[in-house]
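Only one structure is covered here, and it is reproduced in the block below.
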């Protein structure tokens with residue numbers, strides 16, 4: 001089951017979901033809009049190697065916007081830090097963003113019960129598009145779970161910002 005707006009508000013009041021900062025204006029009928037921070041990583045490697053951390057440059061999205069180009073991988077993060085104690089969090093792009101050919105995740109839209117941190121966004125575009133800092137770029141929604149809850153304790157837990165892939169740690 002997916003939580004409705006009233007159930008999300010109730011879970012926030014109970015401390016089962018923490019969204020920081022939280023603004024009720026971003027609450028939708030069954031999701032919450034997350035904003036894009038003003039910092040991006042652009043992956044520099046022409047060919048990525050799963051056994052090596054990727055090289056990247058840091059970009060700041062100015063107020064006048066930044067043009068993203070196809071064929072590049074950009075990593076961003078949400079402004080909001082979330083802690084989800086008893087639900088499965090899932091993020092997806094807002095439909096208005098998708099209609100501009102902006103993808104906010106390649107495959108990592110699914111979170112684990114107990115995840116705490118910022119959401120890293122794997123951004124790519126179909127054609128050149130200008131983006132702006134702090135736009136509402138994604139939605140997070142919450143599924144109930146059945147069975148014993150074993151909180152996530154993985155390598156991305158309690159992150160402090162944009163996270164590059166850590167799969168190379170698994171392949172040593």
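What follows is calculated from the coordinates using simple rules that are stated; it is not laboratory data. This one's a predicted model, so the numbers in the text were calculated from it and none came from an experiment. All Cβ positions, glycine included, derive from the backbone under ideal geometry; neighbour counts span all protein chains shown.
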Connecting every pair of Cα atoms under 10 Å apart in the chain and solving the GNM, the largest mean-square fluctuation among 124, 116, 95 falls on 95
Give the relative contact order (percent, whole number) for the chain; include only Cα pairs under 8 Å separated by 6+ residues. 30 percent
Relative to the chain, whose Cα atoms define the longest principal axis, helix 5-14 and its Cα axis are tilted in degrees, nearest 10, by 80 degrees
Expressed to one decimal in nm², the mean projection of the alpha carbon convex hull of segment 21-107 is 7.9 nm²
Considering only C-alpha atoms, what is the centroid distance from segment 123-148 to segment 54-79, in Å? 15 Å
Cα-only Debye scattering, segment 5-165: base-10 log of I(q)/I(0) at q = 0.10, 0.11 Å⁻¹: -0.37, -0.45
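Could you rank the peptides 8-15, 133-140 by their average count of other C-beta atoms within 10 Å per residue, with the highest value first?
Numbers: 8-15: 14.8, 133-140: 19.6.
Result, highest mean first: 133-140, 8-15.
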